[in-house]
Amino acid sequence: EIFIEEAVEVLGELHEYLPQWQSDSDNEEALAVIRRGFHTLKGSGRLLGAEMIGEFSWKFENMLNCFIDNKISVSDSMHQALDEAISVLPQLIEQLKGNREPIENIESLMSAADAIADGRNVSAEQAEAIEEETVEAEAIEEETIEAEAIEETVESGSLDIAEDPVEGLDLNVV
């Protein structure tokens, strides 16, 4: 209950300060409030077991940390991702109350924040495509590793394959 009140308060601050920072990226006060807001949601969310809002907020805090550390520059992609994040936060807060279904684009939005933090200029849609390609590539890599392991086992002779696969089986079925 207290966390929900705090989250609503943070959301109000984000709505107030994000437009200020977007119109003047040198506004350090606005940036500090925005970053602190995501930091608060991350910490409180994780502390209370609200994993999704905690992880979601971490992605955006991390992205802003990369900007503060001069690892990345402000971009349209960053502004778009932050706008989308703030539009999704009320739904995440409602989920905590048990009033909402899972949010469809949450994973792609988190992937976009990660990509932007890595210095790539991507939208949530592009991040979703990147995420799908990564999942596909990981699946192919896993299948390849499994196939190589089987091949290695067969080649090494450590796999005991009977000459007659039926030999030794009890074929008397009752």
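The values are calculated or read from the model by the stated rules, or taken from the named source; none is laboratory data. Just so it is clear, the model here is predicted, and its values are computed rather than measured. Using ideal geometry, Cβ is built from the backbone for each residue, glycine included, and neighbour counts are taken over all protein chains shown. Side chains included, ligands, DNA and RNA excluded: accessible areas come from the protein's heavy atoms. Shrake-Rupley method; radii C 1.70, N 1.55, O 1.52, S 1.80 Å.
Summary of computed values
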| read-out | value |
| --- | --- |
| Translational diffusion of region 36-104, µm² s⁻¹ [Kirkwood Rh, Cα pairs; Stokes-Einstein; 25 °C; 0.890 mPa s] | 194 µm²/s |
| Residues of type lysines that K42 reaches as a straight line, Cα spacing below 19 Å, ignoring anything fewer than 8 places off in the same chain | K59, K97 |
| Whole-angstrom Cα spans of region 1-57 along principal axes, big to small | 35, 18, 14 |
| Where L109, L96, L47 fall by accessible area, highest first, once all protein chains stay in place (1.4 Å) | L47, L96, L109 |
| Efficiency of FRET from Cβ geometry, I150 and D26, R₀ 41 Å, rounded to 0.05 | 0.10 |
| Two-site label geometry, E9 and R120: point separation in nm, points 7 Å out along Cα→Cβ | 3.8 nm |
